[in-house]
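Nothing in this text is a laboratory measurement; each read-out follows from the coordinates by a stated rule. Predicted, not measured: the structure shown is a model, and the values here were computed from it. Note: ideal-geometry Cβ built from the backbone for every residue, glycine included; neighbour counts use all protein chains shown.
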Amino acid sequence: MTAWNKWQKAKQLLKCITGISTVALLLFVCFSLPAHAAGNTGRIYGQLLDGSNKNAPVVGEHVTLQMAQGDNARDVSSAITDARGSFSFANLATGKSISYAVYSRYQGAQYTSVIISLDTKPAQQLNLTVYQATKSTANIAIVRATILLHKPDAQKGIIPVSELFIFRNLESHTYVGSFAASNGKPNALRFSLPHTASKVSLGKGFEGYNAIQVDTGFASDAAVPPGDSQFAFTFDMPYSASEYDFDYTAVYPTVLLTFLAPPQIQASSDILSSQGPITSGQQTYNLLQAKALLAGKEVHVQLAGLPTPSLVPDAPASTTSNPGMPWLVIVLLIMAAILSITGVIYRSVRRQTASLSKKPAGKTRTKQPVQVQRQQKAAPVKQGNKTGTSEQALLQELLELDKTYEAGKIKKAVYQERRTKLKAQLRALMSEKVTP
């Protein structure tokens, strides 16, 4: 082969190699860049607003973006709000299985936005409202407190208990407690526990916060923003005989206290009145209730008919029931059951109230139950021009007003005017209370 032929052959081979490289480069660009662009075109932007100051922008605060996919959630980015309180997160994945939320910790309280997905709308605005902090609990009350006893475990000598509280903050500021002692107790959100309670597990409302033991109960630095907030926890209640005195203290003014016990447990109380059995989700409970409890009120429920605890040592932890089910799932199921039962009770109370309101007004003086009379003597209510006004009635009226507004039945101006008047009445009433 001549030198010229060798040169021509080498030239053709080089040309072929160059062509293959070009094709490979094009394939790489086609399969990498478009995929990257299509999967990361999402953007979330918004403002951090001060709800205590007419939604004024909050400047220079950290906002964190959290991404969730399946059972996993993680923080993916953070930003600092600018002079207009604005923040923005770009180049976000838009898959159908991916969701996002933003949160910020402001003056000791954590605020989280609603959860959104970017699969149908890649760019979305997501504002987050925070509130100024206050250390006062003067305008905090419990709308509903639910105590649910589960079936006793005679082998271990315990009764699992779940409690759910719905707090209402009538202020435009968030109550933020701390563990700093005041009058011998921390100025933090406090909860009562029966005297033998153990293995407390905190659930809804306590995420991101801490708790410490206080007397026989516990305190948490969890925050209570304006409006309604839910707090839930579970614990074990050891017992050693067929009878047990369940003790509870209403730490805050309580509109409605509900106590639920399995049918095999006989429950009675001087404060709570029996409402008979109630069924929810194929489960039957004996229902006891009390209304309008003032802060500091002690409640005792006598439990009888408990199965005698076995005199055998506790089973190892590995042999406990439902070993494969995560504790979080159990807590969520319990909370769902409590919410379902509470809904049934609430609808029953509303039906009773409606039926009473329809009775003729001819007989204005009716004999009240002894239970209510005793409560009125212990905590007299200041009488108005026509009828007495109680904290429970005012809080219930606020609840109905909020629901009416949310349903779009009244205008915003009318809603705000009525709500302001009700809050003023409630503050005045609560300030007149005399601690015994």
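Normalised by the number of residues in the range 87-148, what is the relative contact order in percent for Cα pairs under 8 Å and 6+ residues apart?
Numbers: 52 pairs, mean separation 17.2, N = 62.
Across the range 87-148, relative contact order equals 28 percent.
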PRE zone check, label point 7 Å out along Cα-to-Cβ of ALA241, amide N under 15 Å, scope the range 204-223, hits none
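Calculate, in nm to one decimal, what ALA424 and ALA154 gain on full extension: separation in residues at 0.36 nm each, minus their alpha carbon distance. Don't skip to the end; give the middle numbers.
Numbers: separation 270, 0.36 × 270 = 97.20 nm, distance 5.08 nm.
Separation in residues times 0.36 nm, less the Cα-Cα distance, equals 92.1 nm.
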Say each of SER268 and ASN91 gets a label point 7 Å from the Cα, pointing the same way as Cα to Cβ; how far apart are those two points in nm?
7.2
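Kindly state, to the nearest 0.05, the FRET efficiency for GLN230 paired with GLN125, given R0 = 35 Å and r defined as their beta-carbon distance.
Values: r = 27 Å, r/R0 = 0.77.
With R0 = 35 Å, the Cβ-Cβ based efficiency is 0.85.
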Label-point gap, in nm, between SER99 and GLU417 - each point 7 angstrom along Cα→Cβ
4.0
Based on the alpha carbon coordinates of the range 31-139, what radius of gyration and maximum Cα-Cα distance (Dmax) apply, in Å?
15.6, 62
Output ³J(HN,Hα) for the range 72-79: one whole-Hz value per residue in order, computed from phi by the Karplus curve 6.51 cos²θ - 1.76 cosθ + 1.60 with θ = phi - 60°, and x for Gly and Pro.
9, 9, 7, 6, 10, 6, 9, 8
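Based on other C-beta atoms within 10 Å, arrange ILE44, ILE410 from fewest to most. Intermediate results must be reported in sequence, preceding the final value.
Working: ILE44 22, ILE410 12.
Fewest-to-most ranking of ILE44, ILE410: ILE410, ILE44.
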Below 8 Å between Cα atoms, with a sequence gap of 6+, how large is the relative contact order for the range 40-130 in percent?
38
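Once you have the Cα-Cα distance between SER310 and GLU406, take 0.36 nm times their residue separation minus that, and quote the gain in nm to one decimal.
Numbers: separation 96, 0.36 × 96 = 34.56 nm, distance 5.27 nm.
The span from SER310 to GLU406 would gain 29.3 nm if fully extended.
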Exceeding 23 Å between C-alpha atoms, which entries from my cross-link table qualify? They are LYS121/LYS411; LYS54/LYS204; LYS54/LYS411.
LYS121/LYS411; LYS54/LYS204
Zone of VAL76's modelled label, taken as backbone nitrogen in the range 104-124 under 15 Å from a point 7 Å along Cα→Cβ
115-124
Grab the Cα-Cα distance for LYS135 and ALA68, subtract it from 0.36 nm times how many residues apart they are, and report the gain in nm with one decimal.
20.8 nm
Using a Förster distance of 51 angstrom, determine the FRET efficiency expected from the C-beta separation of LYS185 and THR41, and round it to 0.05.
0.45
